[in-house]
Amino acid sequence: MWHRYGMTSAAPVRKLLLDCDPGLDDALAILLAAGDPDLELVGITTVGGNVGLDGTTRNALQLREYFQIDGVPVAAGADQPLSRAAETAEHVHGASGLGDVVLAEATLAIEARSAIDFLIDTIRDAPGQIHLVATGPLTNIALALRQEPRLTEWVASFTIMGGSYTRGNATPAAEFNIFADPEAAAEVFAAGWTVTMIGLDLTLQAIVTDAVGERMKALGPLGTDLVEPLATFWKNPLDDQWDGQALHDVCAVAFVARPELFTSKPARVEIELAGEFTAGMTVVDFHSDAPNALVPMRLDVAGFWDYVFAAWGNVEPRG
Ligand code: BDR
Ligand code: CA
């Protein structure tokens, strides 16, 4: 029987592989992947970004146990960008990367393979099935592509949180994930696949307003102990353009599960590497006849929050 996407029968479960740098919003993106029954989180790979690799990996391991997704492998990747000095963002995410939230030490082992090998093996072993999402600097993805360029053919889709077509946040021109490793981003965008680029223009629609914060607290201990503290930790002192923190990385996971919440356009994206004031800028050409990206531009904000809260509410945190 013919039916529209997601309307008359359960959508097929999508396998999601998340490369991330937790990170306040990365943690909430992991939570979304853990809670959505339409997603199967097949692995978490970590990269240095918001804090150093030791911190992002520790956080991923702790979050795995707190969310009771013990069977999901966690593999550690690159601790430095391809060629630049590391840029971190403790001023946004706190010294640990998780703001004021303190989780129990992890007890389960880390994956023996590196993130690079884990990414390659996992995608190669399930061709056409893995939705790859990257919510940190693109160093691991670039290194995996250097080793196995056929990843571009084997993934079901590739989505990043990064870039923008208007403004930056790390600098006036550059968004943090691209700014932190522009050479990796340039390799990734040039690899011959379609990169869904969830940039700041989109994610700044997913704002934690006071009303959203109240909804978070209503989740119970998961909300009061983790979700709301993470989502409100950063008080943006420099910008009065919006009212609250944006859950950037959550949007990237949401796109895989609910693309109908997003209105998108194809574009060609190039990465500025040399600009004196613009290094790490994503230069987005919506008129190119050689697009390499899909750029979500508008978010169904109410539908997004309804979806996210329903999925988060499925997770029973470890007591
Ligand atoms: C991105 O940078 C990081 O600080 C966040 O985790 C997000 O991935 C937003 O610019
Ligand atoms: Ca991130």
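Residues whose amide H falls under 5 Å from that of residue 298, counting only those 5 or more places apart or on a different chain, are 263, with hydrogens built in the peptide plane. When you filter the GluC sites (Glu not before Pro) in the range 221-319 for DSSP loop state and at most 11 other Cβ atoms inside 10 Å of their Cβ, you are left with 276. When the alpha carbon gyration tensor of the range 16-64 is reduced to an equivalent ellipsoid, its three semi-axes come out at 19, 10, 8 angstrom, largest first.
Our coupling estimate for the range 291-299, obtained by passing each phi through the Karplus curve with A = 6.51, B = -1.76, C = 1.60 and θ = phi - 60°, is x, 10, 8, 10, 10, x, 10, 10, 10 Hz, Gly and Pro reported as x. Working note: Karplus 6.51/-1.76/1.60 with θ = phi - 60° gives the range 167-183 the couplings 10, x, 10, 5, 9, x, 9, 10, 7, 4, 5, 7, 4, 5, 8, x, 5 Hz, where Gly and Pro are set to x.
Of 271, 160, 120, the residue with the greatest mean-square motion in the GNM of the chain, using alpha carbon springs below 10 Å, is 120. Between residue 181 and 138, the built amide H atoms are under 5 Å apart, and every one of these is 5 or more places off in sequence or on another chain. Put a plus charge on the Cβ of each Lys and Arg, a minus charge on the Cβ of each Asp and Glu, and nothing anywhere else: the dipole of the chain about its Cα centre is then about 640 debye. Relative contact order of the chain: 20 percent, from C-alpha pairs under 8 Å at least 6 residues apart in sequence. Around the amide H of residue 16, modelled in the peptide plane, lie the amide H atoms of 40, 41, 42, 131, all under 5 Å away and 5 or more residues distant in sequence or on another chain. Relative to the compact-globule estimate of 2.2 N^0.38 Å, the Cα radius of gyration of the chain comes out at 0.91.
In the range 74-210, carbon and sulfur make up what percent of the accessible area (probe 1.4 Å)? Summing carbon and sulfur atoms, their accessible area is 50 percent of the total for the range 74-210. Relative to its residue count, the range 164-226 spans a Cα convex hull of 134 Å³ per residue.
Under the classification rounded if a/c is under 1.5, otherwise prolate if a/b is larger than b/c and oblate if not, where does the range 147-281 fall, given a ≥ b ≥ c as square roots of the Cα gyration tensor eigenvalues? It is oblate, given that a/c is not under 1.5 and a/b is not larger than b/c. Under 1.5 on a/c is rounded, so check that first for the range 1-152, then, if it is not, pick prolate when a/b is larger than b/c and oblate when it is not; a ≥ b ≥ c are the square roots of the alpha carbon gyration tensor eigenvalues. Oblate is the answer for the range 1-152, as a/c is 1.5 or above yet b/c matches or exceeds a/b. Have a look at the DSSP beta bridges in the chain and tell me what percent are antiparallel, nearest 5. Of all bridge pairs located within the chain, approximately 30 percent are antiparallel.
The values are calculated or read from the model by the stated rules, or taken from the named source; none is laboratory data. Since the structure is predicted, the reported quantities are computational estimates derived from the model, not experimental observations. When we count neighbours, we look across all protein chains shown, and the Cβ atoms used for this are built from the backbone with ideal geometry, even at glycine. Each accessible area value is taken on the protein alone, full model and side chains, heavy atoms only, with ligands, DNA and RNA left out. Shrake-Rupley method; radii C 1.70, N 1.55, O 1.52, S 1.80 Å.
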